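The block underneath contains the structure these notes are about, expressed in structure tokens.
Derivation of every value follows stated rules applied to the coordinates shown; laboratory data play no part. Every value quoted in this text rests on a predicted model; they were computed, and no experiment measured them. With ideal geometry, Cβ positions are generated from the backbone for all residues, glycine too; neighbour counts draw on all protein chains shown.
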Amino acid sequence: MLPFARVSIIGLGLIGSSVARAVRERMPGVVLSGYDADTQTRETAKALKLVDDMADTPGAAVTDAELVILCIPVGAMGAVAAELKDDLPAEAIVSDVGSSKASVLAALQSALPGHAIIPAHPVAGTERSGPEAGFAALFHNRWCIVTPPEGADDTKVAQLSAFWERLGANVEIMDAQHHDLVLAVTSHLPHLIAYTIVGTASDLESVTRSEVIKYSAGGFRDFTRIAASDPTMWRDVFLSNKDAVLEMLQRFSEDLTALQRAIRWGDGDALFDLFSRTRAIRRSIIEQGQDDDRPDFGRADH
């Protein structure tokens, strides 16, 4: 039995279009409606046949939906929710795919009082964006963290969890504030560091930009992949998860100072111990199937 018969996807970029493709592949009986604020994106999504019904407004996309998934920047959640409020069925579950959860929960509960709000975060993505960038296997064997508010209907939480499991994800239930702290260190801080390193390399007066590009070693190339992520989405993530990001940034700054001290004083033992610990973490990530040890991380294709 399908968790939902009618699903509405608001926002048809990388994640939204991947949800649509995955639903088509794994739950072909589901009727999909969709909307995107960008006219060209709507036209592209139509041409790709991502959904059965492409609406011209958010409200028109959700009129008979059982599940509404907001695949939009976290900073836009409240405004878009307010736009679809009058057309949203009373029993529909409203969820999202954002990378910060406490702020999203607050925004959606404020805009849609009385409705079932169950935020979620599929921990998956690439540096690409747009409806053409999506692919059905994006969520396969990746985690989807569901963050129901206190007092949420257990049946509806189970329904949403079953939906993500059908798309190939492993579901974890977590408190929204704890999610934001975990993701601040595993996702948000690495992105912030990547943006900083690539920006620093670009600004160096003693090294030309052409040299930065020409002689990029593997480490810098990996940072540029992360730093190529959608700028609107990441601007909103940092602002919406400000407290947790600043807490992790302070801890990172202290650790960086200790590393700087070890290099200055030639403390090779301290460096070796740190590098050994971090190498073990990398091995654990591969062993748990959350990345690939093939050359280029197996990312040449989807």
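Measuring against 30 Å, Cα to Cα, the residue pairs 46/214; 85/242; 49/85 contain 46/214 as the ones spanning a longer distance. Computed from the coordinates I sent, Rg and Dmax of the Cα atoms in Å equals one of (1) 22.0, 64; (2) 18.7, 60; (3) 20.8, 66. Tell me the label. Here Rg and Dmax of the Cα atoms in Å agrees with entry (3). Working from label points 7 Å from Cα in the Cα-to-Cβ sense, the residue 254 to residue 282 distance is 2.6 nm. Put a plus charge on the Cβ of each Lys and Arg, a minus charge on the Cβ of each Asp and Glu, and nothing anywhere else: the dipole of the range 1-111 about its Cα centre is then about 400 debye. Considering only 28, 148, 122, the Gaussian network model of the chain with Cα springs below 10 Å gives its largest mean-square fluctuation to 28.
Size descriptor for the range 158-259, Kirkwood hydrodynamic radius: 16.0 Å (Cα pairs only, one decimal). Remark: the residue 204-residue 141 segment gains 18.7 nm on full extension, using 0.36 nm per residue and subtracting the alpha carbon distance.
Across all Cα atoms of the range 8-153, the radius of gyration (one decimal) and Dmax (whole number) stand at 14.0, 42 Å. Of the residues 215, 250, 239, the one whose Cα sits farthest towards the positive end of the charge dipole of the range 190-292 is 215 (charges of +1 on Lys and Arg Cβ, -1 on Asp and Glu Cβ, taken about the Cα centre).
Hey, with R₀ at 30 Å, roughly what FRET efficiency would residue 243 and residue 46 work out to, going by the Cβ-Cβ distance, to 0.05? So, using R0 = 30 Å, E works out to roughly 0.15. Taking 261, 42, 21 in turn, the Gaussian network model of the chain (Cα-Cα springs below 10 Å) assigns the largest fluctuation to 261.
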